[in-house]
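Just so it is clear, none of the values below were taken in a lab; they were calculated from the coordinates. Predicted model only: the values in this text are computed from it and were never measured. When we count neighbours, we look across all protein chains shown, and the Cβ atoms used for this are built from the backbone with ideal geometry, even at glycine.
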Amino acid sequence: MINIALFGVPGAGKGTQAQLLKEHFNLCHISTGELIRQEIRGGTELGKKAKAIIDRGELLDDAIISDMFKSELKKNIGGNGFLFDGYPRTLKQAEIFDNMLKELGLKLDCMVEILLSEEESTKRILKRAEIEGRSDDNPETVKARFEEYRGKTAPIADHYKKLGLYKSVDGFGKIEDIQKKIVEIIETLR
Ligand code: AMP
């Protein structure tokens, strides 16, 4: 079993890489952003509240997102492993996540950061907006998402560096080249 967390600024390519890696290693991909978008599409109470927050580019409540994440995680234990995408995203979530894994008898093997400048990722997000039409992929929301990232998410990298679980790849370049680099990292963990 191998458990990898993908990390990086919005638009760094976590979702794209997760899709490819999921197939390569036959892993279960859990994207908290996707879980929330499912709630929104389903028109649930949670989805309605979440939509306003997402559209402002802010992060959802740590406890709510962690409960959502945990139930998805528990449903999928028993496979080859997990690719975590978009969680944990705050230091509080990292603390909840670490305890959750311990409780469930799991461990994180590596956090892989896809490094990309805000300038380049903004370009990618605005391009994605034309294709996918995500309501949070517009210039104002993207700016707010970067602020949230800088203030609340980026500090997590240090936490996992201290635990010796952090690695990074350059996210600028061809999708398949970046994938190759992440595959190499994962191969060294097996
Ligand atoms: P993503 O698809 O990962 O870019 O996430 C889209 C949006 O969902 C984010 O901008 C947040 O508003 C929300 N979101 C996703 N994951 C989390 C998380 N772990 N904690 C809080 N909010 C989240």
For a quick check: with amide H placed at 1.01 Å from N, whose amide H comes under 5 Å from Met111's, ignoring anything fewer than 5 positions away on the same chain?
Ala5, Tyr166, Lys167
Using amide H atoms built in the peptide plane, which far-off residues or other-chain residues are under 5 Å from Ile2 H to H?
Gly81, Phe82
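Determine the dipole magnitude for the chain: charges of +1 sit on the beta-carbon of Lys and Arg, -1 on that of Asp and Glu, nothing else is charged, the reference point is the Cα centre, and the result goes in debye to the nearest 20.
Details: 31 positive and 32 negative charges, 42 e Å.
With Lys and Arg at +1 and Asp and Glu at -1, about 200 debye.
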Cross-link table Lys74/Lys107; Lys127/Lys181; Lys22/Lys143; Lys70/Lys92, entries beyond 22 Å C-alpha to C-alpha:
Lys127/Lys181; Lys22/Lys143
What are the extents of the Cα atoms of the chain along their three principal axes, in Å, largest first?
41, 37, 30
For Glu118 and Leu163, extending 7 Å from Cα along the Cα-Cβ vector and measuring point to point gives, in nm, a value of 2.7
Could you give the nm distance between label points at His24 and Glu132, where each point is 7 Å from its Cα heading toward the beta carbon?
1.9
Cα-based Rg/(2.2 N^0.38 Å) for the stretch 59-163, rounded to two decimals, is 1.19
Could you derive backbone 3J(HN,Hα) for the stretch 53-61 from the dihedral phi with the Karplus parameters 6.51, -1.76 and 1.60 (θ = phi - 60°), listing whole Hz in sequence and x where the residue is Gly or Pro?
5, 4, 5, 8, x, 9, 8, 6, 4
Return the sequence-ordered ³J(HN,Hα) values of the stretch 122-128 in whole Hz as given by the Karplus equation 6.51 cos²θ - 1.76 cosθ + 1.60 applied to θ = phi - 60°, using x for Gly and Pro.
4, 4, 5, 5, 5, 6, 4
